[in-house]
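The values are calculated or read from the model by the stated rules, or taken from the named source; none is laboratory data. Every value quoted in this text rests on a predicted model; they were computed, and no experiment measured them. Methodologically, a virtual Cβ is constructed for each residue, glycine included, from the backbone with ideal geometry; neighbour enumeration extends over all protein chains shown. What goes into the accessible areas is simple: the full protein's heavy atoms, side chains included, and nothing from ligands, DNA or RNA. Shrake-Rupley method; radii C 1.70, N 1.55, O 1.52, S 1.80 Å.
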Amino acid sequence: MSTGVSTSTDKIIVDRSRSHRNRAVSKAVRQTRERLQSGHSRSFDREVMMMHVDTLLQGASVMPIFVVIVAALGVYLTRDAQIFIWAIPTLSAHAINMLLGRRAKKREMTAESARKWRQMLLLGQLLIGFCWAFFAMHSCSTCGGDSFLLYNGATLLVAICVTAMANFMLPGAVPFSFAPATVALAVKAALTRNPSDIALTAAVAVAVIFFTFITNRMFQSNLKILSFQSEKDDLIAELEVAKSMSDEARRRAEEANLAKSRFLASMSHELRTPLNAILGFSEVMSAEVMGPLNNATYREYTTDIHRSGQHLLNLINEILDLSRIEAGKYELNEEAISLLDVAEDCIGMVQLRARGKNISISPQFEPKLPSVWADEKSMRQVILNLLSNAVKFTPQNGEITVKVGWTAGGGQYVAIKDNGPGIPEEEIPVVLSAFGQGSIAIKSAEQGTGLGLPIVQAILAKHDGQFMLKSKLREGTEVIAILPAKRVLQSLPAIEDAPLVERRKKSFA
C-alpha cells in the first residue's frame, strides 16, 4: 500500500487522498435525487401555456397562407368565387386566435390564469372548427367526377396535419378543430350514401384520431422534459445549499484550527520555560550536585521526574512544530547540505538504542551524491523521526535498511525499511493523521504521540517533496522521503584559465 502526501500543509490532519471521503456527499446527492424523482407530480400548466403561445405566435402566418392557397385552388376548380365566403370567416377566426395569443403573452401568466386561457384558446379552435365544417359541406355541381371530393379531402387532411403541428402543446386542439367537420361529413355521407363521401368521412375521422394520439404523445414528451428540467434545477439548488453550508462549516473549522495553531505557536516560551526548570532541577537533584540524597526513593523520584519532563518537552516540541507549520510560521533556513552526511549522523544518534534491542542498521548509500538545497535541521528531524519509528517497532534481532540515492526524476530520496509487524491497510490513513496511532502502536509498550509522520509530511511539503509509506501486515514497513530534482545542486566543472588578450593600441590620425 502506497500513500502520497499532498503539497498543501493544511491537509495533514485528515487524509484526503482516499475516495471514501466522498461517500457522505455521494449518499446525500443520491438521496436528494431519489426524493425529487419519487415526489408528487407537478403541474406545469403555466410553462405549457407559455410554450403554446410562443409556438402559436411564431407560426401565425402559416394558416392564412394555407387558407389563401386553398381558396385560390377552389376558385380554379369550381370557377365560382363563393369559396371566399368560407375563407373570410376562417381568416377572421384565425385572427381572433392570434389576438388571444398576443393578449395572453402580454398578461402575467399564473397557474390559475393558464387554465382560463387554455379554455379560451380551445374555444377559438372550436370556432375555426365550425369554419372547416362549412368547408366540408361545400359541394360543386359543375365539377366532373371526384375531382372536387379529392380536393376537399386533401385540404382537410393537410389542415389536420398543420393544426396538429402548431397546437401540440394544447391538448384537445385537434378534436376541437375538426370534430365539427367530421360530424358534417358524417351527416352528408348519411344523406347521400355515396361511397366516396363515406370513404372521405372515414379517412378524416381516422386522421383526427391518429393526429390526436400523436399530439398527446408529443405533449407527454414535453411534460417529461419539463419535469426533468425542474428536477435538475431543484437538485442543483439543493447541492448549492449543501455546498454553501459545507463551505461555511469548513471556514469556521479552519478559523478555529488556525486560532489554535497561533495560540500554541505563541505559547512556546510560556510552555518550555517551566519545563526547562523542572528538567534542570531534577537533573541537579538526581546527580546530587548540591549534596547527597540520603533517601533512595527520593533519588528514584527525581529520575522519574526528569524522564517524565523530558517526555513532556518532546511532546510539546512536536505539537509546537506542527502548530507553527499550520499557522504558516515555520520558516526554512535553506542551505547546501548532503543527505548522505545527515543520514549518517542520524544513524549514529539511534545506533545505541538499536544495539539495546540487537537491531542491525544497514546503510546503502549511492556514492558521490551532490548536495541539495534544504533546511538541515528540518531534514535531520525527518530522518530521525523515521529512524526512531523503525527502531521503536522493529522487534528484537531485527533489521533496518537505510537507502539514500537518486530518484527516477532526478531528485534524491531517503528510504528506511524494517522487518517489523507492518501496518494494516485500513489503518494507514489513521497513522498518517495527527495524533493517529495504529493498533500495533497502541498495544506496544513504547507508545508515541502520533505526530512524527504528520510533521514529516509537513516538512517535506515545505520542501516541495513527497512522502510515501508502503506497508503490509507481518511484512514490514518502508517509508520514503523524496526531494524534487529542482533542489539538487549540480556541480559545475572548473573553468580553465584563458590566455590574456593583449591590449590593442589606439592610433590617432
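Going by accessible area, probe 1.4 Å, with all protein chains left in place, what is the ranking of GLU231, GLU331, largest first? Could you put the intermediate results ahead of the total?
Numbers: GLU231 40, GLU331 130 Å².
From most accessible down to least: GLU331, GLU231.
Please compute the per residue accessible area over the stretch 145-223 with all protein chains in place, 1.4 Å probe, rounded to a whole number of Å². Let's see the in-between values first.
Working: 3620 Å² over 79 residues.
The answer is 46 Å² per residue.
Taking the alpha carbon gyration tensor of the stretch 240-313, what are the square roots of 5 times its eigenvalues, largest first, to the nearest whole Å? Intermediate values should be presented prior to the final figure.
Working: eigenvalues 460, 30, 5 Å².
Over the Cα atoms of the stretch 240-313, the ellipsoid semi-axes are 48, 12, 5 Å.
The coefficient of translational diffusion for the stretch 114-171, derived via Stokes-Einstein from the alpha carbon Kirkwood radius under 37 °C and 0.692 mPa s, stands at 249 µm²/s. Here the alpha carbons of the stretch 156-263 define both size measures, Rg and Dmax, at 29.7, 104 Å.
For VAL206 and LEU150, calculate 0.36 nm times their separation in residues minus their Cα-Cα distance, and state this gained length in nm to one decimal.
Details: separation 56, 0.36 × 56 = 20.16 nm, distance 1.64 nm.
Extra length from VAL206 to LEU150 when fully extended: 18.5 nm.
For CYS161, the accessible surface of its heavy atoms amounts to roughly 50 Å² (probe 1.4 Å, protein chains only, rounded to the nearest 10). When restricted to Cα atoms, the stretch 331-436 yields an Rg and a Dmax of 14.7, 40 Å, respectively.
If R0 is taken as 51 Å, the Cβ-Cβ distance between SER246 and ILE96 corresponds to a FRET efficiency of 0.35.
Rounded to the nearest 20 debye, the dipole size of the stretch 246-397 about its Cα centre is 440 debye, using +1 on the Cβ of Lys and Arg and -1 on the Cβ of Asp and Glu.
Within 15 Å, Cβ to Cβ, of GLU112, how many net charges do the neighbouring residues add up to if Lys/Arg are +1 and Asp/Glu are -1?
On the way: positive: ARG46, ARG107, ARG115, LYS116, ARG118; negative: ASP45, GLU47, GLU108.
With Lys, Arg at +1 and Asp, Glu at -1, the neighbours total +2.
Which length gain, in nm to one decimal place, applies between SER113 and LEU489 when the Cα-Cα distance is subtracted from 0.36 nm times their residue separation? Difference between extended and current length: 127.5 nm. A straight chain from GLU300 to TRP406 at 0.36 nm per residue would run longer than the Cα-Cα distance by 33.2 nm.
With every protein chain kept in the model, how would you rank LEU320, LEU271 by accessible area, 1.4 Å probe, largest at the top? All intermediate terms of the calculation are to be shown ahead of the outcome.
On the way: LEU320 0, LEU271 60 Å².
Order by accessible area, largest first: LEU271, LEU320.
Summary value for the stretch 86-168: 34 percent relative contact order, contacts being C-alpha pairs under 8 angstrom separated by 6+ residues. Using the Cβ-Cβ distance between GLN310 and ALA237 with R0 = 51 Å, the FRET efficiency computed as 1/(1 + (r/R0)^6) comes to roughly 0.30. By the Cα gyration tensor, the stretch 363-417 has an equivalent ellipsoid whose semi-axes, rounded to whole angstrom, run 23, 15, 8 from largest to smallest. Treating each Cα of the stretch 216-265 as one equal point scatterer and applying the Debye formula with no solvent, the log10 of I(q)/I(0) at q = 0.17, 0.18, 0.21 Å⁻¹ comes out as -0.66, -0.69, -0.76.
How large, in percent, is the carbon and sulfur part of the accessible surface of the stretch 338-416 at a probe radius of 1.4 Å? Carbon with sulfur: 51 percent of the solvent-accessible area.
Ordered from highest to lowest accessible area with the whole protein assembly present and a 1.4 Å probe, TYR298, TYR413 read as TYR298, TYR413.
In this Cβ point-charge picture (+1 for Lys and Arg, -1 for Asp and Glu), the stretch 313-440 has a dipole of about 400 debye about its Cα centre.
Quickly work out the ILE225-to-GLU334 label distance, labels modelled 7 Å from Cα along the C-beta direction, and quote it in nm with one decimal. Label-label distance for GLU334 and ILE225, simple model: 5.8 nm.
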